[in-house]
Amino acid sequence: MRIAIDPTRCHGHGICALFFSERIDLDEWGFAIVDDQPFAATEFGQRARRAAAACPRGALFVEEGL
Amino acid sequence: MSLSLRSLASNPSVPLDQGLIERALSYSPSAPPSTVVAPVGGTTARLLAGPPGQSGAESLESHLGRLGHLQLDGGIISAAIRDSGLTGRGGGSFPAARKLHTAATTGGRALIVVNASESEPASRKDGTLCRLRPHLVLDGAAAAAAAAGADQAVVHLHRGAKAARQALERALAERVNASLPDPTWYLSEGPNRYVAGEASAVVSFLEGGDAKPRFNRQPAARLGVHGRPTAVNNAETVAHLALLARFGARWWRGAGTEDSPGSRLVTVTDGVSEVVLEVVGPATIGVILGAAGVGAPPAAVLIGGYAGTWVDGDLSWTTRFDQEALRATGASIGCGLLGVLPHGRCGLQESARLVRYLAQESAGQCGPCVLGLAELAQTMTDLARGHARRSDLRTMRRRAAAIVGRGACRHPDGVVALGLSALDAFDDDVARHLAGRPCRGVGDQPLFPLPLTEPGWR
């Protein structure tokens with residue numbers, strides 16, 4: 001599984017970084033820096049889906065089966 | 001002509017200067033055509049073989065008389081492209097065979113798009129091909145269509161490329177009259193903006209949207225215009241296909257180098273005029289510049305495009321013009337632009353102008369690009385004017401690392417690379433500028449053309 005971002009949609013709300021700090025940080029302007037390295041669904045799956053669902057802009061997407 | 005400052009900057013936080021406004025007024029998009037000279041590195045031209053540049057567009061009769069008819073066998077053409085190692089000539093250097101194979105094998109109705117938009121203001125190679133050898137471009141598109149199993153091809157230009165458009169329209173009429181087994185042709189014109197020529201921006205435009213780069217989870221060759229497998233290829237790449245499809249991979253690989261096979265078109269600009277040359281064999285940048293009339297090593301050379309890299313003049317003079325040799329100097333062929341910085345000009349000042357221009361040309365879609373490039377433009381401007389401190393440059397380097405790879409397209413990456421290369425190539429100037437002693441009397445007008453941003457994205 002991995003999480004990735006569509007940078008054209010990110011407006012820097014920052015909710016994602018609160019829900020999935022292991023893979024998402026914010027830059028100095030508040031935009032998400034997303035580490036899209038794969039992780040086990042069992043380890044971070046719930047966090048990833050929650051972060052993606054919480055984004056008001058729908059900027060994040062989770063890819064499974066990796 | 002009334003000119004409001006606001007019309008020049010989509011991003012108001014990017015510093016403007018009078019030099020930019022004055023030069024923009026004097027820049028004419030329909031400037032006289034560039035000169036074409038003899039091939040470099042060899043005696044036989046390939047793309048530019050045929051009637052001299054002054055003769056204008058080569059007719060269909062002359063083209064077929066010189067090269068013979070093109071046999072549109074998709075299998076043979078695909079194999080030739082694969083064996084050739086042809087990579088994109090628009091700056092991306094993506095293997096042409098792989099792109100066309102993806103378009104051919106993804107289900108659906110494949111589409112060929114010839115990207116002749118040539119958004120780099122100083123690049124003239126694609127416009128020259130369209131103007132002088134339109135049948136090479138169109139034959140190549142037909143060959144690409146055969147390889148991809150497509151029956152439609154779009155040639156996409158920027159608005160304002162009148163000579164290229166006229167030549168293509170006349171050539172298309174000749175082909176229709178001759179009943180050539182071509183795909184169905186479409187000609188499209190998009191806005192003349194720097195990022196509008198990016199492949200995903202062209203796809204977006206062709207779908208009826210803005211000519212802005214898009215974030216895509218799938219490449220266009222898999223999912224492009226209206227979901228169709230779309231092969232977007234640079235006009236020069238396509239022109240190569242016209243020759244490759246006729247004479248085969250071994251002949252085609254007889255030009256260029258082992259690492260960068262095939263001939264390449266290069267535009268040399270000194271800010272006043274442009275020369276387009278075809279590099280057919282191993283040649284140093286010095287030999288290429290010499291052929292374009294540059295007599296001795298300049299202060300520096302801008303390699304690849306405005307969002308390219310500066311390399312010291314003496315070093316670039318003896319560097320061979322191929323990807324491997326350029327990589328060792330931190331540069332890349334890009335769209336084949338070689339911009340000459342003469343002695344007596346300030347590289348930091350010209351770089352600041354370029355970064356300001358490129359920052360304004362952002363599509364404004366991604367935070368790191370809009371804000372990061374605005375900051376970069378400010379720092380480069382401060383440095384050029386002698387107002388920057390060493391800590392500003394440290395911040396710049398740190399920010400640069402944080403911007404790269406975080407946009408929907410490679411625009412911010414390129415601008416960052418340009419800025420960082422300026423700090424390296426002009427390190428002596430950096431020291432003086434940081435000490436509050438910037439270069440003086442080194443040019444009120446920008447060296448390289450910085451066209452006014454066209455309003456709108458359609």
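The values are calculated or read from the model by the stated rules, or taken from the named source; none is laboratory data. Treat the numbers as computed from the prediction; the structure is a model and nothing was measured. All Cβ positions, even for glycine, are placed from backbone atoms using ideal geometry, and neighbour counts span all protein chains on display. Keep in mind that these areas ignore ligands, DNA and RNA; they rest on the heavy atoms of the full protein, side chains included. Shrake-Rupley method; radii C 1.70, N 1.55, O 1.52, S 1.80 Å.
Please give the helix B:411-425 orientation as an angle from the longest Cα principal axis of chain B, in degrees from 0 to 90, rounded to the nearest 10.
50 degrees
Calculate one ³J(HN,Hα) per residue across the stretch B:173-189 by plugging θ = phi - 60° into the Karplus curve 6.51 cos²θ - 1.76 cosθ + 1.60, and present them in order as whole Hz with x for glycine and proline.
Here the 3J(HN,Hα) series is 4, 4, 5, 5, 4, 8, 6, 5, x, 8, x, 6, 9, 9, 10, 10, 10 Hz.
Can you figure out the FRET efficiency of B:LEU315 with B:GLU258, using R₀ = 25 Å and their beta-carbon distance, to the nearest 0.05? Intermediate values should be presented prior to the final figure.
Numbers: r = 23 Å, r/R0 = 0.90.
That gives a FRET efficiency of 0.65.
Can you run phi through the Karplus equation (6.51, -1.76, 1.60; θ = phi - 60°) for the stretch B:253-269 and list ³J(HN,Hα) in whole Hz, with x for Gly and Pro?
6, x, 9, x, 10, 4, 6, 10, x, x, 6, 9, 8, 10, 10, 9, 10
With no solvent and one equal point scatterer per Cα, compute the Debye intensity ratio I(q)/I(0) for the stretch B:324-417 at 0.20, 0.24 Å⁻¹ and report its log10, rounded to two decimals.
Computed log10 I(q)/I(0) values: -1.09, -1.31.
Mind putting a number on the dipole of the stretch B:310-458 about its Cα centre? Charges go on the C-beta only, +1 for Lys and Arg and -1 for Asp and Glu, and I need it in Debye to the nearest 20. Kindly include the intermediate steps, with their values, before the conclusion.
Working: 18 positive and 16 negative charges, 96 e Å.
Roughly 460 debye for the stretch B:310-458.
Report, please, the projected area of chain B averaged over directions, based on the convex hull of its C-alpha atoms, in nm².
Values: hull surface 80.4 nm².
Hull-based average projected area comes out at 20.1 nm².
How big is Rg to Rh over the protein assembly as shown, alpha-carbon atoms, Rh as the Kirkwood inverse-mean-distance radius? Don't jump to the answer; show the numbers that get you there.
Numbers: Rg = 23.3 Å, Rh = 24.0 Å.
A ratio of 0.97.
Add +1 for every Lys or Arg and -1 for every Asp or Glu among the other residues with Cβ under 9 Å from the Cβ of A:PHE20, and state the total.
On the way: positive: A:ARG23, A:ARG47, A:ARG50; negative: A:GLU22.
Every neighbour counted, the sum reads +2.
How far is helix B:235-252 tilted, in degrees, relative to the longest principal axis of the Cα atoms in chain B, given as a value from 0 to 90 rounded to the nearest 10?
The angle comes out near 60 degrees.
Nearest 5 percent is fine: what portion of the DSSP beta bridges confined to chain B is antiparallel? Provide the component values of the computation, followed by the final result.
Details: 17 of 39 bridges.
In chain B, DSSP labels about 45 percent of beta bridges as antiparallel.
What part of the accessible area of chain B, given as a whole %, is carbon or sulfur when the probe is 1.4 angstrom?
Details: 9130 of 17810 Å².
C and S fraction of accessible area: 51 percent.
I want to verify the translational diffusion coefficient of chain A in µm²/s; compute it with Stokes-Einstein, Rh as the Kirkwood radius over Cα pairs, at 10 °C and 1.306 mPa s. Don't skip to the end; give the middle numbers.
Working: Rh = 11.5 Å.
In µm²/s, the coefficient rounds to 139.
Quote the convex hull volume per residue of the stretch B:98-212, based on C-alpha atoms, as a whole number of Å³. Don't jump to the answer; show the numbers that get you there.
On the way: hull volume 11.6 nm³, N = 115.
Considering the Cα atoms of the stretch B:98-212, their hull volume per residue is 101 Å³.
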